[in-house]
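Here's the structure, in structure tokens; my notes come after.
The values are calculated or read from the model by the stated rules, or taken from the named source; none is laboratory data. Every value quoted in this text rests on a predicted model; they were computed, and no experiment measured them. Glycine gets a Cβ as well: all are built from the backbone with ideal geometry, and neighbour counts include every protein chain shown. For accessibility, only protein heavy atoms count, side chains too; no ligands or nucleic acids. Shrake-Rupley method; radii C 1.70, N 1.55, O 1.52, S 1.80 Å.
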Amino acid sequence: ITWVGHATHLVQLPGLNVVIDPIWSLRASPVTWMGAKRFVPATPALHELPEIHAVLLTHDHYDHLDKPTVGALRDRYGAGLVWYTPLGYRSWFASLGVTNVVELDWWEERMLPGGDYRVVATPARHWTRRTPWSTNTRLWCSWALVPTAAADAGFRVYLGGDSAYASVFEEIGRRLGPFDVSILPIGAYEPRWFMGASHMNPEEAVQVYEDLGGRGAFLPSHWGTFRLTFEDPLEPPERLRAAWSERGLEEQWLHVPRHGETVRVGAER
């Protein structure tokens, strides 16, 4: 798993390469001249990516759904690239000439290219909006990648996307876990009176990891790339490590990669 930055990850499973919430633009914004700007360039660069078989989108906020990046991936990989989204995105993608879009409601699933993995749209506690008049006109979700019966020994990966804490993570763990990898958001949480209903903080992310089953690798997401809220951009991993230690969780399972760093999971299984 390679952390490109923010919520963008390249997940490489045997025979399957998946990109999550792709944004390679300098800013997370509807315009190029203002808005949240990257501290660190997206790494690897888009032209350095390997073959991509599928893209998973969690929701439509500009730091997760980036129009220039969608166009660049369309041009690089063509019509064969499959985009998996929650409900309500097909017409937006069609306006960019992207028609290979699979919309899923919570708990619906589809086979991924190659036939060894299926993707399940799982619940999250968040919201959607790209314009002042489009609040919650589209769905949001998290994702689970699970092996098919034909690939029973495959990896199980949970992709938290963007979410506040909610009791539903226990159900996700019961139905689809245990996971070999959980990628969970840890940033954009202050002030809590405002952000608590949309974004989990690092301590809550550790609780979600335990709710999901408390095993496998933990990789943090949604921090250190754009300044979106009031906390110090480098605070989230410090609080994550402290919460991890306080819960007595095994140090080997916690991975905090740098931008562009790849974490290889497998030997711990």
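Residues that are of a type in the set (A, V, I, L, M, F, W, C) and over 21 Å from THR128 (Cβ atoms) within segment 151-175 comprise ALA151, ALA153, PHE155, VAL157, listed in sequence order. For the condition open to solvent by 30 Å² or more (accessible area, probe 1.4 Å), touching a helix residue (DSSP H, G or I) at 6+ places or on another chain (Cβ under 8 Å) and within 16 Å of ARG118 (Cα to Cα), ARG156 qualifies.
Here segment 242-262 is the region considered, the condition is being assigned to a loop (DSSP other than H, G, I, E, B) and within 12 Å of GLY216 (Cβ to Cβ), and the residue that is most open to solvent (accessible area, probe 1.4 Å) is GLU250.
Of the numbered conditions (1) open to solvent by 30 Å² or more (accessible area, probe 1.4 Å); (2) outside any helix (DSSP H, G or I); (3) touching a residue at least 24 places away in the same chain (Cβ under 8 Å), ASP232 fails exactly one; give the number of that condition. Just one mismatch for ASP232, condition (3).
Selection of segment 131-179 for residues being outside any loop (DSSP other than H, G, I, E, B) and under 14 Å from PRO86 (Cβ atoms) yields SER142, TRP143, ALA144, LEU159. Of the set (1) open to solvent by 30 Å² or more (accessible area, probe 1.4 Å); (2) over 18 Å from the mean Cα position of the chain (by Cα); (3) within 26 Å of ILE186 (Cβ to Cβ); (4) not acidic (Asp, Glu), all apply to GLN12 but (2). Given the conditions (1) at pLDDT 95 or above; (2) out of contact with any Gly (no Cβ under 8 Å at 6 or more places or on another chain), which single one is not true for GLY35? All conditions pass for GLY35, except number (1). Among the residues in segment 218-231, are any over 19 Å from HIS64 (Cβ atoms), modelled with pLDDT of 95 or more and aliphatic (A, V, I, L, M)? No, segment 218-231 contains no residue that is over 19 Å from HIS64 (Cβ atoms), modelled with pLDDT of 95 or more and aliphatic (A, V, I, L, M).
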